[in-house]
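Taking it in order: structure first as structure tokens, then the write-up.
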2 protein chains.
Amino acid sequence: MKDFNFYAPTEVVFGKESEQQISSLVRKYGGSRVLLHYGGESARRSGLLDFVKQQLTSDGIQFTELGGVVPNPQLSKVYEGIDIVRRDSLDFILAIGGGSVIDSAKAIGYGVPYDGDVWDFYSGRAQAKTCMPIGCVLTIPAAGSEMSYGCVITNDLVSPPLKWSYNCDLGRMRFAVMNPLRTYTLPPYQTAAGVTDIMMHTMERYFSHHTDMLLTDAIAEALLRTVKECGERVLSDPENYQLRAQIMWGGSLAHNNLTECGLQKDFATHGLEHELSALYGVTHGAGLAALWGSWARYVMNDNINRFAQFAVNVCGVRNDFSDPASTALAGIRAMEDF
Amino acid sequence: MKDFNFYAPTEVVFGKESEQQISSLVRKYGGSRVLLHYGGESARRSGLLDFVKQQLTSDGIQFTELGGVVPNPQLSKVYEGIDIVRRDSLDFILAIGGGSVIDSAKAIGYGVPYDGDVWDFYSGRAQAKTCMPIGCVLTIPAAGSEMSYGCVITNDLVSPPLKWSYNCDLGRMRFAVMNPLRTYTLPPYQTAAGVTDIMMHTMERYFSHHTDMLLTDAIAEALLRTVKECGERVLSDPENYQLRAQIMWGGSLAHNNLTECGLQKDFATHGLEHELSALYGVTHGAGLAALWGSWARYVMNDNINRFAQFAVNVCGVRNDFSDPASTALAGIRAMEDF
């Protein structure tokens, strides 16, 4: 077992009534002049954006809007955000959306107090010394960025584009507001891609050379089974609050390092997929689903028993005690079918 | 399912090498003049106290010692600590020990910046506005105070004594250093009482009227099964790092609210036990073990299916689908036997 640090300081406010607390959370964490950062039209169409703006206004919190964040969020938009925050002397970023918006907000947060080019952090040329305070209202459960220390930005100003990540505790969300009701309208494809990303965040930790951290394994398997079951059921029952809630909370726990305690994570499939989505604009979860089976078959002989454990404890495959390799392969097939 | 907040900001540093980081953690969280707070002779005998003092000294951190915290920590000792901190203008509390020492440290932390009597917080007469920064080096996994917002103090200055608790986010540990090696020397009785307390922290949340938060249930059951198995095995194998590590980390996760997300906790057995230990000095975990079966039989008819689920998923009882009550009772008996 590896020694580990566990640090997940984000205040999560979860549930149907959670959005009532947005402006008081902004205040609590020091915000009085806010960059309201969001993606496309869905936040506007759903009424969430107006609701937040109204709440901020009636609580005397000023804001400037910056929408238009795209999936695989771009460096050019980050530069735009940095300029706006400096121009308007803003002191807080409120991200409304999924992982792309949150990651874009993190990059702006690192960039504003930094004299150099924010891309330095992603290219490994510098380490952030500080970050603006950021909070989020999550609308797409998938990336786990609401509780993670990571963020991924695509440099769209070079050709071919580069999709690189930066991991740092300073950019962690101060708070994350999560209302499962907001995820009812996610289309089936995006729901499925999100579920895949969520599961992969835990699977990329689970397939570790460390196999003696029983509690982390048990929690990871519990999370994977639950999200898998709910992911299957929600496609034919998209307005089921119970199912949406498990997926949403599962997305945060899958990537806040809870399932990494005592393990050495791998994240090879993520690394491969980032190249695909940088070059071809692939939906991240779909890219992961396409790649994982090949990765698994390529590495399974390094630890057949681990893949057999996954097959039995997560995929419900019958354990062939006499032939762990066939059990392991049946698990990989079951996950591909899923 | 209940709406919930999840907030667990403590930085956990876990493992064999974790103690190397103590003084740098104290510095990171603003400590330069430290109250070194501990219990009896075990911290001294084990060499841990000397190790910490040496580390602080060589890093130029001043400290004043206050030992002598007893199980069911007392208000009189808290007053002593408050006086010392004020006298020596200390700016940080470092607790070395188990839940009693950590709870005593929390009470001192609340008391120092408060003009009135710190007991006001426990008696419900006031709410803390601030707390000194506190970190801990955990040596006894049981109470979960290293990641919880609670603390329990016994007012030994009244007769009969009062054992009351105070819950507040302000007193949360800034960091918790946990080295399972330090728990090898815990006697079997104390190990077993600790395991009972750990499991009860999750069971008092699990037996909720909310039964639709699948992910929390799955995590709670995973935690209970793992700690139960390791608790049984460690009694005959006390120097097994793997077993000690699961119990130690399980103790933190059992009480940092992870297993409460979406549920309404009960804590009736804890409430009953606090009276017993205040009056008779009972070891908390032993008191819980003596009481739980009676509590469970008293309430089980309110939700037989929940107790049957516990019996099957935690205790490994065979499910009698035709008679949930007999399944439930078999689970209660299995837990009592354990």
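The values are calculated or read from the model by the stated rules, or taken from the named source; none is laboratory data. The structure presented is a predicted model; accordingly, all values stated were derived computationally and were not measured. Here the Cβ is made from the backbone with ideal geometry for all residues, glycine too, and neighbour counts use every protein chain on show.
One line per residue, one yes/no per condition, for (1) among the aromatic types (Phe, Trp, Tyr); (2) in contact with a Ser or Thr (Cβ under 8 Å, 6 or more places away or on another chain); (3) under 26 Å from B:PRO161 (Cβ atoms); (4) at pLDDT below 95:
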residue	(1), (2), (3), (4)
B:MET178	no, yes, no, no
B:ALA193	no, yes, yes, no
B:HIS209	no, no, no, yes
B:ARG233	no, no, no, no
B:SER236	no, no, no, no
B:LEU243	no, no, no, no
B:ALA254	no, yes, no, no
B:THR283	no, yes, yes, yes
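A:GLU336 meets the stated requirement of being assigned to a helix (DSSP H, G or I), closer than 30 Å to A:PRO188 by Cα and at pLDDT 95 or above. The residues on offer are A:LEU170, A:LEU157, and the sole one that is among the hydrophobic types (A, V, I, L, M, F, W, C), closer than 22 Å to B:VAL12 by Cα and modelled with pLDDT of 95 or more is A:LEU170.
Of the residues making up the stretch B:168-221, just one is of a type in the set (Asp, Glu) and over 30 Å from B:ASN305 (Cβ atoms), namely B:ASP169. Of the residues making up the stretch B:248-260, those that are surrounded by 24 or more Cβ atoms within 10 Å (Cβ to Cβ) and hydrophobic (A, V, I, L, M, F, W, C) are B:MET248, B:TRP249, B:LEU253, B:ALA254. Mind listing whichever residues of the stretch B:162-184 are in a loop (DSSP other than H, G, I, E, B) and more than 23 Å from B:SER42 (Cα to Cα)? The answer is B:CYS168, B:ARG172, B:ARG174. Within the stretch A:194-228, being within 16 Å of the chain's Cα centre (by Cα) and in contact (Cβ under 8 Å) with a residue 60 or more places away in the chain holds for A:GLY194, A:VAL195, A:THR196, A:ASP197, A:MET200, A:MET203, A:GLU204, A:ARG205, A:LEU224. Taken as a whole, the structure leaves A:GLY40 outside the set of residues that are touching a strand residue (DSSP E or B) at 6+ places or on another chain (Cβ under 7 Å) and more than 14 Å from chain B (Cβ to nearest Cβ). Within the stretch B:3-30, restricting attention to residues that are more than 20 Å from the chain's Cα centre (by Cα), within 7 Å of another protein chain (Cβ to nearest Cβ) and charged (D, E, K, R), the residue that is nearest to A:VAL177 (Cα to Cα) is B:ASP3. Filtered by the rule that a residue be over 15 Å from A:LEU329 (Cβ atoms), of a type in the set (S, T, N, Q) and assigned to a helix (DSSP H, G or I), the stretch A:260-318 gives A:THR269, A:SER277, A:ASN313. Is there a residue in the stretch B:248-264 that is over 27 Å from B:ASN179 (Cβ atoms), at the interface with chain A (Cβ under 8 Å from one of its Cβ atoms) and in contact (Cβ under 8 Å) with a residue 60 or more places away in the chain? Checking the stretch B:248-264: at least one residue is over 27 Å from B:ASN179 (Cβ atoms), at the interface with chain A (Cβ under 8 Å from one of its Cβ atoms) and in contact (Cβ under 8 Å) with a residue 60 or more places away in the chain. Scanning the stretch A:262-314 for residues that are surrounded by fewer than 22 Cβ atoms within 10 Å (Cβ to Cβ), of a type in the set (Phe, Trp, Tyr) and within 14 Å of A:SER208 (Cα to Cα) turns up A:PHE267, A:TRP295. Search the stretch A:202-238 for residues being among the hydrophobic types (A, V, I, L, M, F, W, C) and farther than 24 Å from B:ARG225 by Cβ, and hand back the single one that is farthest from the other protein chains (Cβ to nearest Cβ). Once the filter is applied, the top-ranked residue is A:LEU235. With respect to the stated conditions, B:TYR241 is within 12 Å of chain A (Cβ to nearest Cβ), out of contact with any Asp or Glu (no Cβ under 7 Å at 6 or more places or on another chain) and aromatic (Phe, Trp, Tyr).
Checked against (1) more than 30 Å from B:ASP212 (Cβ to Cβ); (2) in contact (Cβ under 8 Å) with a residue 60 or more places away in the chain, B:ARG44 meets all criteria but (2). Are any of the residues in the stretch A:151-163 free of Cβ contacts under 8 Å to residues at least 40 places away in the same chain, surrounded by 24 or more Cβ atoms within 10 Å (Cβ to Cβ) and farther than 16 Å from A:MET248 by Cα? Scanning the stretch A:151-163, I find no residue that is free of Cβ contacts under 8 Å to residues at least 40 places away in the same chain, surrounded by 24 or more Cβ atoms within 10 Å (Cβ to Cβ) and farther than 16 Å from A:MET248 by Cα, so the answer is no. Here is the figure for the stretch B:68-101: residues that are aromatic (Phe, Trp, Tyr) and touching a Pro at 6+ places or on another chain (Cβ under 8 Å) total 1.
When the stretch A:144-168 is examined, which residues are found to be touching a Cys at 6+ places or on another chain (Cβ under 9 Å) and of a type outside the set (Phe, Trp, Tyr)? Listed by number, the residues that qualify are A:SER145, A:GLU146, A:GLY150, A:CYS151, A:SER165, A:ASN167, A:CYS168.
Look at the stretch B:9-20: where a residue is in a loop (DSSP other than H, G, I, E, B) and a partner is not basic (Lys, Arg), sitting 6+ places away or on another chain with Cβ atoms under 7 Å, you get B:GLY15/A:ASP3; B:GLY15/A:PHE4; B:GLY15/B:ASN179; B:LYS16/A:ASP3; B:LYS16/B:ASN179; B:LYS16/B:LEU181; B:GLU17/A:ASP3.
The residue pairs whose first member lies in the stretch B:105-130 and is of a type in the set (Asp, Glu), whose second member is at pLDDT 95 or above and in a loop (DSSP other than H, G, I, E, B), and whose beta carbons are closer than 6 Å, counting only pairs six or more residues apart or on different chains, are B:ASP120/B:ALA126. Is at least one residue of the stretch B:189-196 in contact with a Leu (Cβ under 9 Å, 6 or more places away or on another chain), at the interface with chain A (Cβ under 9 Å from one of its Cβ atoms) and under 29 Å from B:SER294 (Cα atoms)? No: zero hits.
For the stretch B:319-333, a tally of residues being in a loop (DSSP other than H, G, I, E, B) and of a type outside the set (Ser, Thr, Tyr) returns 4. Among the listed residues A:SER208, A:SER159, which satisfies the condition of being in the same structural domain as A:VAL26 (by TED's automatic domain parsing), of a type in the set (Gly, Ala, Ser) and not in a strand (DSSP E or B)? Among A:SER208, A:SER159, only A:SER159 is in the same structural domain as A:VAL26 (by TED's automatic domain parsing), of a type in the set (Gly, Ala, Ser) and not in a strand (DSSP E or B).
One line per residue, one yes/no per condition, for (1) surrounded by 16 or more Cβ atoms within 10 Å (Cβ to Cβ); (2) assigned to a loop (DSSP other than H, G, I, E, B):
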position	(1), (2)
A:TYR189	no, no
A:ILE198	yes, no
A:GLU204	yes, no
A:ASP217	yes, no
A:GLU232	no, no
A:GLU239	no, yes
A:LEU243	yes, no
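Where helices (runs of 4 or more DSSP H) fall entirely within the stretch B:32-140, those with at least 3 residues that are surrounded by 24 or more Cβ atoms within 10 Å (Cβ to Cβ), touching a Gly at 6+ places or on another chain (Cβ under 9 Å) and of a type in the set (Ser, Thr, Tyr) are at B:99-111.
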